[in-house]
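Read the structure below first, then the notes.
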Amino acid sequence: PYLEEALRRFPNNPRTLLAIGRIHLQGNRLAPAREALERATTLDPGMPEAWNDLGGVEAAAGNPREALRFYERTLALGPDLPYALVNAAEMQEKLGQAAEAEQLYRRALAVDPRSGDAANKLGLLLAKAGQSEEARRLFEQAISIRRDDATAINNLGVLYTNTGRTNDAVAAFRYGIQVAPDEDILYLNLSRMWLRMGEREKARGVMRELLDHKPGHPLALQALKELEVQ
C-alpha cells in the first residue's frame, strides 16, 4: 500500500515500479508483476534488475525461452552480474543446453567465488552428467559458504547415495538435519538410506524425529505406517 501511494504521487518512478513488481513476483501474482516491470523498463531501459525480474516472471510462468531473452538483456547491461548468469544458466538447462548452462555457471563462480547458488547448481549439473568428483567439491564449496545450505547438503547426500558411499550419505543427511532441522527432505532421504541398508528401526527413528519436530507430518505418518506393516 505504501508503494502504491508513492506511485500515485510519482507515477513515473521506475524504482517504485520495480519494487512493486518484485512484491507481486514474490507473491506469484504474475500479471501485475509483469505490468509493473514492463513499465519500469519502458521508463528506464538501463535498469538490469527490472529486466532480470521480468525474466523471473517468465520463468515462473513456464516460459524458459522468453525468460532467457530477458536474462540475456540483463547481461547485456551487466555482463558480470552473478545472479543474472545463474538465472540464464538455469534457463539454458531447461532448454536442454547443458554446455551453455555449464559455461554460465562457471562464469558466475569466476565473478563471485562466494556464490553458493552457482556452486550448488553447477554441482548438480555435473552430477547429472556423471562428473561426481567435481560435483562433490562444488557441493562442499556451497556448504562452506553457507553451512546450513540444505539444498547443497541434500545434493551431497544424494550424490554419496548414488555413488555407493552409504556411510558418507548418512553423515551428510544427519549433518543437514542438525543445521537445517526444518527441511523435510533431509529426514526423508536419511530414512530411505537406512532402509536401503536394512536398518528398519533406524529408518523408523528418523521418521519419529520428523514427527517430533513437525507433529502430524503426512509423509512421516505414511512412512511410519508402511514401515510398521512391512
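Summary table
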{"quantity": "Nearest-ten-degree value, helix 30-43 long axis tilted from longest Cα axis of the chain", "calculated": "40 degrees"}
{"quantity": "Accessible-area value, residue 166, 1.4 Å probe, nucleic acids and ligands omitted, Å²", "calculated": "50 Å²"}
{"quantity": "Hits among aspartates and glutamates - C-alpha to C-alpha of residue 214 under 13 Å, sequence gap 8 or more where chains match", "calculated": "182, 183, 184"}
{"quantity": "Cut-off 19 Å, label 7 Å out along Cα→Cβ of residue 66, residues of region 85-102 by amide N", "calculated": "87-96"}
{"quantity": "Computed helical MRE - 222 nm, the chain, DSSP H runs ≥ 4 contributing -39500 (n - 2.57), nearest 500", "calculated": "-25000 deg cm²/dmol"}
{"quantity": "Electrostatic dipole magnitude of the chain [Cβ: Lys, Arg +1; Asp, Glu -1; Cα centre; debye, to 20]", "calculated": "200 debye"}
{"quantity": "Zone residues, region 136-159, relative to residue 114, backbone N less than 17 Å from point 7 Å out along Cα-to-Cβ", "calculated": "141-149"}
{"quantity": "Separation between Cα centres of region 172-204 and region 54-125, rounded to whole Å", "calculated": "31 Å"}
{"quantity": "Efficiency of FRET between residue 97 and residue 132 - r from beta-carbon atoms, R0 22 angstrom, step 0.05", "calculated": "0.50"}
{"quantity": "Farthest toward positive dipole pole in region 64-216 [+1 Lys/Arg, -1 Asp/Glu at C-beta], among 175, 97, 138", "calculated": "175"}
{"quantity": "Identified option (computed P(r) over Cα pairs in 5 Å bins from 0, in percent; candidates (1) 1, 7, 12, 13, 13, 13, 12, 11, 9, 5, 3, 1, 0, 0; (2) 1, 6, 12, 16, 19, 19, 14, 8, 4, 1, 0, 0; (3) 1, 7, 14, 17, 18, 16, 12, 8, 5, 2, 1, 0)", "calculated": "(1)"}
{"quantity": "Heavy atoms of residue 124 accessible to a 1.4 Å probe, total area in Å² rounded to 10", "calculated": "70 Å²"}
{"quantity": "R0 of 45 Å, Cβ-Cβ distance residue 165-residue 31: FRET efficiency to nearest 0.05", "calculated": "0.45"}
{"quantity": "Positive-pole candidate from 217, 198, 45, dipole of the chain, charges at beta carbon", "calculated": "198"}
{"quantity": "J(HN,Hα) series, region 171-177, from Karplus relation 6.51 cos²θ - 1.76 cosθ + 1.60, nearest Hz, glycine and proline x", "calculated": "5, 5, 5, 5, 4, x, 4"}
{"quantity": "Straight-distance crosslink candidates among lysines, where the alpha carbon sits under 26 Å from residue 94 and sequence neighbours closer than 8 are dropped", "calculated": "121, 128"}
{"quantity": "Charge dipole of the chain about the Cα centre (unit charges at C-beta), most positive-ward option of 31, 3, 159", "calculated": "159"}
{"quantity": "Residue 175 accessible area, assembled protein chains, probe 1.4 Å, Å²", "calculated": "70 Å²"}
{"quantity": "For region 106-119, Karplus couplings with θ = phi - 60° (6.51, -1.76, 1.60), whole Hz, Gly/Pro x", "calculated": "5, 4, 4, 5, 5, 6, 9, x, 8, 7, x, 4, 5, 4"}
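The values are calculated or read from the model by the stated rules, or taken from the named source; none is laboratory data. Values in this document were obtained by computation on a predicted structure and should not be read as measured data. Positions of Cβ are backbone-derived with ideal geometry, glycine not excepted, and every protein chain shown enters the neighbour counts. The protein model used for the area step is the full one, side chains on, heavy atoms only, and it has no ligands, DNA or RNA in it. Shrake-Rupley method; radii C 1.70, N 1.55, O 1.52, S 1.80 Å.
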